[in-house]
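First up is the structure itself, then whatever we jot down about it.
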């Protein structure tokens with residue numbers, strides 16, 4: 001399906017590069033993809049590494065792309081899309097997918113004068129082909145457009161559709177920001193390793209492989225993760241001592257509060273950047 005479409009990317013940063021690489025790996029010809037980026041260096045890098053076409057600004061050919069991915073920072077979003085609007089295909093001819101955090105579908109629809117919209121929240125493991133993307137559709141989006149958006153997201157990992165645009169803020173808090181939480185815990189394991197006589201490098205290897213293996217176990221098991229945790233935790237053992245310490249520090253409560261804070265910031269960004 002994807003190899004019959006043309007793609008335009010507004011923005012050529014890391015997430016755009018990951019998506020482009022995934023699309024090319026899925027059979028989309030590199031020359032069917034055009035990237036808009038104001039940086040000469042970025043354009044040269046994209047042409048050299050991915051073989052795509054690049055431009056400094058959108059034009060009619062770019063605006064006629066079957067699928068346009070908006071991969072710009074949320075604080076720059078409205079200014080970045082303004083030059084695109086005059087070139088968009090007439091009669092809602094483009095499917096537009098935004099990966100900008102906090103930018104709501106209703107605001108995009110107003111600025112771009114279209115309802116063929118998908119709001120997506122990928123995460124950085126997309127760079128390794130192991131991304132997790134949350135997707136929300138504008139009201140009335142066709143099944144065909146949903147299938148295209150699903151295929152784009154699956155080019156760099158897995159995806160899940162949510163029912164409401166507002167739920168993307170929760171997705172952002174869990175999986176969008178989630179890699180940072182994992183890195184945070186690996187940092188703590190590196191620190192603990194050094195304090196207990198190992199090297200930071202050994203701590204990193206132990207931490208990374210433990211997260212990788214535990215995630216694989218959880219992914220391959222139909223059982224609740226709470227049961228998987230209990231199986232590792234013998235009463236009075238070492239894991240029990242660690243988890244008892246975490247519970248005494250109310251670590252899980254603090255972690256849940258942190259994700260609520262991330263979701264709240266997403267809502268704030270939507271209100272802030274969506275103002276007329």
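Go through the range 199-233 and count every residue that is exposed (fewer than 13 other Cβ atoms within 10 Å of the Cβ), outside any helix (DSSP H, G or I) and in contact with a helix residue (DSSP H, G or I) (Cβ under 6 Å, 6 or more places away or on another chain).
Looking only at that region, the number is 0.
So how many residues does the range 138-158 have that are in contact with a helix residue (DSSP H, G or I) (Cβ under 7 Å, 6 or more places away or on another chain), outside any strand (DSSP E or B) and on the phi > 0 side of the Ramachandran plot?
The total comes to 0.
Given the structure, is residue 168 in a helix (DSSP H, G or I), touching a strand residue (DSSP E or B) at 6+ places or on another chain (Cβ under 8 Å), in contact (Cβ under 8 Å) with a residue 12 or more places away in the chain and within 18 Å of residue 263 (Cα to Cα)? Walk me through how you get there before you give the answer.
Numbers: in a helix (DSSP H, G or I): yes; touching a strand residue (DSSP E or B) at 6+ places or on another chain (Cβ under 8 Å): yes; in contact (Cβ under 8 Å) with a residue 12 or more places away in the chain: yes; within 18 Å of residue 263 (Cα to Cα): yes.
It is true that residue 168 is in a helix (DSSP H, G or I), touching a strand residue (DSSP E or B) at 6+ places or on another chain (Cβ under 8 Å), in contact (Cβ under 8 Å) with a residue 12 or more places away in the chain and within 18 Å of residue 263 (Cα to Cα).
Let me spell it out: the conditions are (1) in contact with a helix residue (DSSP H, G or I) (Cβ under 8 Å, 6 or more places away or on another chain); (2) not in a strand (DSSP E or B), and residue 135 meets all of them except one. Which number is the exception?
That leaves (2) as the condition not met.
Condition first: within 24 Å of residue 266 (Cβ to Cβ) and in contact with a strand residue (DSSP E or B) (Cβ under 8 Å, 6 or more places away or on another chain). Can you find one or more residues in the range 44-67 that meet it?
Taking every residue of the range 44-67 in turn, none turns out to be within 24 Å of residue 266 (Cβ to Cβ) and in contact with a strand residue (DSSP E or B) (Cβ under 8 Å, 6 or more places away or on another chain).
Need a quick list: helices (runs of 4 or more DSSP H) entirely within the range 39-122 having at least 1 residues that are under 18 Å from the mean Cα position of the chain (by Cα). Show your work before the answer.
Numbers: elements: 40-50, 60-63, 77-81, 105-112.
The helices (runs of 4 or more DSSP H) meeting that bar are 77-81, 105-112.
If I go through the range 86-136 residue by residue, how many of them are touching a residue at least 12 places away in the same chain (Cβ under 8 Å) and closer than 27 Å to residue 183 by Cβ?
Summing the residues that are touching a residue at least 12 places away in the same chain (Cβ under 8 Å) and closer than 27 Å to residue 183 by Cβ in the range 86-136 gives 24.
Please work out if residue 193 is more than 19 Å from residue 174 (Cβ to Cβ), surrounded by 11 or more Cβ atoms within 10 Å (Cβ to Cβ) and at pLDDT below 95.
Values: more than 19 Å from residue 174 (Cβ to Cβ): yes; surrounded by 11 or more Cβ atoms within 10 Å (Cβ to Cβ): yes; at pLDDT below 95: no.
For residue 193, the condition - more than 19 Å from residue 174 (Cβ to Cβ), surrounded by 11 or more Cβ atoms within 10 Å (Cβ to Cβ) and at pLDDT below 95 - is not met.
Look at the range 11-27 and say how many of its residues are touching a helix residue (DSSP H, G or I) at 6+ places or on another chain (Cβ under 6 Å), surrounded by fewer than 23 Cβ atoms within 10 Å (Cβ to Cβ) and outside any helix (DSSP H, G or I).
2
The values are calculated or read from the model by the stated rules, or taken from the named source; none is laboratory data. Please read all numbers here as calculations on a predicted model, not as lab measurements. Every residue, glycine as well, gets a Cβ built from its backbone with ideal geometry; the counts of neighbours run over all protein chains shown.
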